[in-house]
Amino acid sequence: MAENPDPRPEHLPQRIWESIQRDELPPPDDRGRMRLVMNNLVLHLHPSKVARPTLKFTYTWGLGGLALLLVMILAVTGVLLMFEYTPTPQTAYLDMLKLQTEVWYGQLIRNLHHWSGNLLVITVFLHLLRVFFTGGFRTPREFNWVLGLGLLLLVVAANFTGYLLPWDQLAYWAVTVGSSLLSYVPLIGEPLRNFLLGGPEVGAATLTNFYGLHVAIIPLALMGIVSFHIWRVRKDTLSIPRRLDGKIDDGGTGSTQVEKVTTLPHLVSRELVFALVMTGLILMWSVWVNAPLEAAANPDHSPNPAKAAWYFMGLQELLLHFHPVFGAIIIPTLALGALAILPYQRFDLSAEGVWFRSLKGRQMALVGAVTGLIATPALVLLDEYALDLPGLMPSLPTLISNGWIPLAALLLLLIVYYEIIKRVFKATACESRQSVFVLLVTAFVVLTVIGIAFRGEGMALMWPWEVLG
Amino acid sequence: MSDVKLPSVMDETVSRRDFLKLAWGAAGLLALVEAGGVALSFFSPRTAEGRFGGVFEVGAVDDFPPGSVTPFNAGRFYLVRMEDGGFLALYRKCTHLGCAVPWNQAEQKFICPCHASAFERDGQVLNPPAPRPLDRFLVTIVDGMVRVDTGAPIQRDRPGPADLVYA
Ligand code: HEM
Ligand code: FES
């Protein structure tokens, strides 16, 4: 019988190592580097080669990568916190105190989790803006934009459910107010709210429900969609940054041909450096600044003012001006719906990769931002001190006088604005749409700032130093 | 497959293959609906006896003088006795966004700390943004004892005499 010679290395440790790491390390040449990226579980999230212009930091600002880094920090610190936390009204708040005083590095881990979660909301929002303004959502990336919107919602849901867990006054009343928004959805709102809270009020059942959502259901969904999202980025390749003259932005004279480089080391080294710097910054911040913790939750006493979580402040501000069905349901649904169908609109493909589409696009974006910056506070002040729509139309239900009528008026103003940008400034449909988008985003940010810094006791308008004082 | 699809609309014969497809589809749908139903009932709220959500026996009729407003924190309600002797249990949850509304003895009204809604003694809205009066709970009087059932808050468009219960 002829023996089959075993092709594996002679020594046992070497055989074990090769069964784990199949490719030669360090890779001898570009082919080896590409093979390593393909064969490695973590690295294969990347393509084996990338276009050199997309490596430019000021194109992506590393925001998608930062979001991913934050998700990983959240997973690690979150699992650690699970060992020191029991989700019952009797223990939750005490566990927070224990983390601060007894558990080694408990405060630091809580801070890391808290600040990473908040930074994730900001990062994902900025990432959305970056993708929008560079036209990164165009064919074939329409669906990846929609997946991204799903991620945005999941990130907000994760934050909202996590907000309750410390069981302090901040948590209890922010979730009470936030979940009450749901009950304004016609027909299914009330049952849905009761289902989510496990009863008509925030209580022990709510804490159990939110804990399950926060540590299992939402993270699983998030990881699944994030993997899908990044896989799609790899399949579709990143959009290529280009300059106003249409040439590829390669940092030099501009070219028409895309140069490709191997992912290892060109992309991976940049990612590592950026991840290290950001981890360092987050660590320093978390060492210095503690996550807030107020008095233990007291269902008998609402604090004044009872504010929502900061990323809901824009919504809360809308709510002070509109009938709740409009402020909490109709306007946000319209906004999300518009964002979701955005990539399926017809647009000029040649503007892909150009910041703000064109020179005219940049100017019109500025017009949108300035308009939003002036008009939003003006409208808020008008409604607060001068205009009393329900008072003017006492015979109409507030759903109409404080809902349909102001919404119709605002939409009319937006249409007029769009036509002015298009006709008077001679912008294309694409540039005009972008200008409206900038206007709305600015309005949303201004509303959020007003809610955070200019609303004090009884939700009255006041100066930031009075709010804090 | 083309020979299966006859042009006539009136033709009602279904091929075995199409029938099985339909049957599988229907069975799959049914399974999904059932699984959804199981999940929904599994997570449905449970109320414990004697706590909020159950029935509270709050005291004798004579313990509450006409014109009084008595808070019951465990039951999340105020027992109101109107000047004419009628009883009313008001859910203390603000109908705007759910804050706990305290009774302001000095001003003789409920004032919400969150967005400044105000309510009259009978729950009527004095000040928006609250969209409707405070919800009420069912009050029953048995053998001179007042009972409040906190199981289901009753919503109303405006308070009326029918809301009041007399001994
Ligand atoms: C947890 C949240 C998210 C993670 C981890 C994530 C991750 C990433 C990463 C790593 C990239 C590669 C390029 C870059 O860094 O910009 C990317 C690209 C992209 N993302 Fe996201 N993302 C998230 C949320 C979103 C959101 C909210 C949107 C928009 C609604 C979005 C839409 C896109 C699109 C369309 C691209 C391709 C852009 C191009 O080719 O220029 N993503 N994402
Ligand atoms: S919750 Fe009472 S006024 Fe808003």
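Can you pull out the residues in segment A:1-29 that are assigned to a loop (DSSP other than H, G, I, E, B) and within 16 Å of A:L41 (Cα to Cα)?
Restricting attention to segment A:1-29, the residues satisfying the condition of being assigned to a loop (DSSP other than H, G, I, E, B) are A:1-11, A:21-29.
Of everything in segment A:1-29, those that are assigned to a loop (DSSP other than H, G, I, E, B) and within 16 Å of A:L41 (Cα to Cα) turn out to be A:Q21, A:R22, A:D23, A:E24, A:L25.
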*Output the qualifying pairs, or none if there are none: Cβ atoms under 9 angstrom, residues six or more apart or on different chains, first residue in segment B:32-45 and within 13 Å of chain A (Cβ to nearest Cβ), second residue modelled with pLDDT under 85 and open to solvent by less than 100 Å² (accessible area, probe 1.4 Å).*
B:P45/A:G199; B:P45/A:P200; B:P45/B:G53
*asked:* Can you tell me which residue is least open to solvent (accessible area, probe 1.4 Å) among those in segment A:439-461 that are more than 24 Å from the chain's Cα centre (by Cα) and of a type in the set (G, A, S)?
replied: A:G456
*Give the residues of segment B:110-138 that are open to solvent by less than 10 Å² (accessible area, probe 1.4 Å), within 13 Å of ligand 2 (Cβ to nearest atom) and in a strand (DSSP E or B), sorted by residue number.*
B:F110, B:A118, B:F119
*Look through A:E294, A:E317 and report the one residue that is within 14 Å of ligand 2 (Cβ to nearest atom) and either more than 28 Å from A:L379 (Cβ to Cβ) or acidic (D, E) (or both).*
A:E317
*asked:* Can you report the number of residues in segment A:75-97 which are open to solvent by less than 20 Å² (accessible area, probe 1.4 Å), over 17 Å from A:L213 (Cβ atoms) and within 28 Å of the chain's Cα centre (by Cα)?
replied: 2
*For A:L389: the one exception among (1) within 14 Å of another protein chain (Cβ to nearest Cβ); (2) hydrophobic (A, V, I, L, M, F, W, C); (3) surrounded by fewer than 17 Cβ atoms within 10 Å (Cβ to Cβ)*: (3)
_If I go through segment A:341-354 residue by residue, how many of them are within 19 Å of A:F425 (Cα to Cα) and either at pLDDT 90 or above or touching a Lys or Arg at 6+ places or on another chain (Cβ under 6 Å) (or both)?_
1
*asked:* Can you say whether B:V142 is assigned by TED's automatic domain parsing to the domain that holds B:G67 and surrounded by fewer than 16 Cβ atoms within 10 Å (Cβ to Cβ), as far as the supplied structure shows?
replied: yes
*Looking at segment A:130-143, is at least one residue open to solvent by 20 Å² or more (accessible area, probe 1.4 Å), more than 10 Å from ligand 1 (Cβ to nearest atom), under 27 Å from A:V289 (Cα atoms) and not in a helix (DSSP H, G or I)?*
no
*Considering only segment B:61-93, state which residues are of a type in the set (G, A, S) and under 19 Å from the mean Cα position of the chain (by Cα).*
B:A74, B:G75, B:A89
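Which ones in segment A:182-210 are in a loop (DSSP other than H, G, I, E, B), facing another protein chain (nearest Cβ under 9 Å) and aliphatic (A, V, I, L, M)? Spell out the reasoning first.
Looking only at segment A:182-210, we keep the residues that are in a loop (DSSP other than H, G, I, E, B), and these are A:183-188, A:198-203.
When the remaining residues are screened for being facing another protein chain (nearest Cβ under 9 Å), the result is A:183-184, A:198-203.
If the condition is that a residue be in a loop (DSSP other than H, G, I, E, B), facing another protein chain (nearest Cβ under 9 Å) and aliphatic (A, V, I, L, M), then A:V202 is the only one that fits.
From A:L182, A:L196, A:L164, grab the single residue that is at pLDDT 95 or above, in contact with a helix residue (DSSP H, G or I) (Cβ under 9 Å, 6 or more places away or on another chain) and under 27 Å from A:L120 (Cβ atoms).
On the way: A:L182 fails: at pLDDT 95 or above; A:L196 fails: at pLDDT 95 or above.
Result of the check over A:L182, A:L196, A:L164: A:L164.
Is it the case that segment A:154-175 has a residue that's farther than 30 Å from A:S286 by Cβ and either away from chain B (no Cβ under 14 Å) or open to solvent by less than 30 Å² (accessible area, probe 1.4 Å) (or both)? Please lay out each step first, then the result.
If we filter segment A:154-175 for residues that are farther than 30 Å from A:S286 by Cβ, which is where we start, we get none.
Checked segment A:154-175: no residue is farther than 30 Å from A:S286 by Cβ and either away from chain B (no Cβ under 14 Å) or open to solvent by less than 30 Å² (accessible area, probe 1.4 Å) (or both).
Please report, ordered by residue number, the strands (runs of 3 or more DSSP E) entirely within segment B:52-109 with at least 1 residues that are among the acidic types (D, E).
Working: elements: B:55-60, B:68-72, B:77-81, B:87-91.
Correct list: B:55-60.
Could you list, in sequence order, the residues of segment B:134-155 that are within 24 Å of B:A118 (Cβ to Cβ) and within 14 Å of chain A (Cβ to nearest Cβ)?
Looking only at segment B:134-155, we keep the residues that are within 24 Å of B:A118 (Cβ to Cβ), and these are B:134-137, B:139, B:148, B:150, B:153-155.
Matches in segment B:134-155: B:L134, B:D135, B:R136, B:F137, B:T150, B:P153, B:I154, B:Q155.
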*Say whether the condition of being more than 30 Å from B:F52 (Cβ to Cβ), touching a Leu at 6+ places or on another chain (Cβ under 8 Å) and of a type in the set (K, R) is met by at least one residue in segment A:191-213.*
no
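Do we have A:L170 as within 24 Å of the chain's Cα centre (by Cα) and within 16 Å of ligand 1 (Cβ to nearest atom) here?
no
With A:N290, A:N298, A:N304 as the choices, which residue is assigned to a loop (DSSP other than H, G, I, E, B), within 14 Å of chain B (Cβ to nearest Cβ), away from ligand 1 (no atom under 16 Å from the Cβ) and modelled with pLDDT of 90 or more? Let's see the steps before the verdict.
On the way: A:N290 fails: within 14 Å of chain B (Cβ to nearest Cβ); A:N304 fails: modelled with pLDDT of 90 or more.
On inspection, the qualifying residue turns out to be A:N298.
Residues that are touching a residue at least 60 places away in the same chain (Cβ under 8 Å) and over 25 Å from A:A328 (Cβ atoms): find the helices (runs of 4 or more DSSP H) completely inside segment A:363-466 holding 3 or more of those. Steps first, please.
Working: elements: A:389-392, A:405-423, A:429-453.
Passing ranges, in order: A:429-453.
How many residues does segment A:414-461 hold that are within 14 Å of chain B (Cβ to nearest Cβ) and on the phi < 0 side of the Ramachandran plot? Steps first, please.
Of segment A:414-461, the ones within 14 Å of chain B (Cβ to nearest Cβ) are A:451, A:455-461.
Checking the rest, the ones that are also on the phi < 0 side of the Ramachandran plot come to A:451, A:455-457, A:460-461.
Total meeting the criteria: 6.
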*Residue by residue through segment A:98-148, note down the ones that are basic (K, R) and either in contact with a Cys (Cβ under 6 Å, 6 or more places away or on another chain) or over 14 Å from A:V233 (Cα atoms) (or both).*
A:K98, A:R110, A:R130
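The values are calculated or read from the model by the stated rules, or taken from the named source; none is laboratory data. The shown structure was predicted, so the numbers you read here are calculated from the model rather than taken from an experiment. Because the Cβ atoms are built from the backbone with ideal geometry, glycine has one as well, and the counts that use them run over all protein chains shown. Ligands, DNA and RNA are excluded from the accessible area calculation, which covers all protein heavy atoms including side chains. Shrake-Rupley method; radii C 1.70, N 1.55, O 1.52, S 1.80 Å.
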